[in-house]
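Following: one structure in structure tokens, then a few remarks.
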Amino acid sequence: MDLGHINLQQSSPRHDGLSGAMVEAERLYRYATRRSGREAVRWYLAGQITALPVMTDAVEDCLARRAIEVGLRSVPLAKIVGTVEPARSADFDGRFRPVMDHLKERWIAIAICCQQGHCAQPVELMEVDDLYFVVDGHIRVSVAKAMGRDAIPACVTTLVPPNA
């Protein structure tokens, strides 16, 4: 998804729709990051992990499974629980809320696109035992959850036990 055409600093009268979407996207981002920060303190005090779970840590035998491409489907956001990529784990809290400042500009740009109905590119997910882990599209999942959506279009690959 090329978001280079969106200038987040624009505020001329010609771009009133974009300006309104930008204000709403920034509000959503601030709300998500504030909630993440508050919950991080609560989770820390309770001895719970705050980072996004990584598939290889969450599913014991996932590397021994074989992959079957399922294709495009609508996936409930509540079933997307983590990431395949360990490096992305620290970018979001356990509920896919952004915790790193370097995500802000891209997060807001994607939120603006979604508000304007241009967030059609599916995310890529791995399914293991009816739970989903993000391969590509972490910010799109984060934005969709922040917007209160129930599901997201996804290209899904299922990991099944080797003898299945």
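The label-point distance for T56 and M147, in a model that sets each label 7 Å from Cα toward Cβ, rounds to 3.3 nm. Residue order for L28, L72, fewest other beta carbons within 10 angstrom first, comes to L72, L28. The fraction of all Cα pairs in the range 49-154 landing in successive 10 Å bins from 0 to the largest distance is 15, 49, 30, 6, 0, given as whole percents.
Quick note: the coordinates plus some simple rules give every number you see, no bench work behind them. All of these numbers come straight from a predicted model, not from anything done at the bench. Note: ideal-geometry Cβ built from the backbone for every residue, glycine included; neighbour counts use all protein chains shown.
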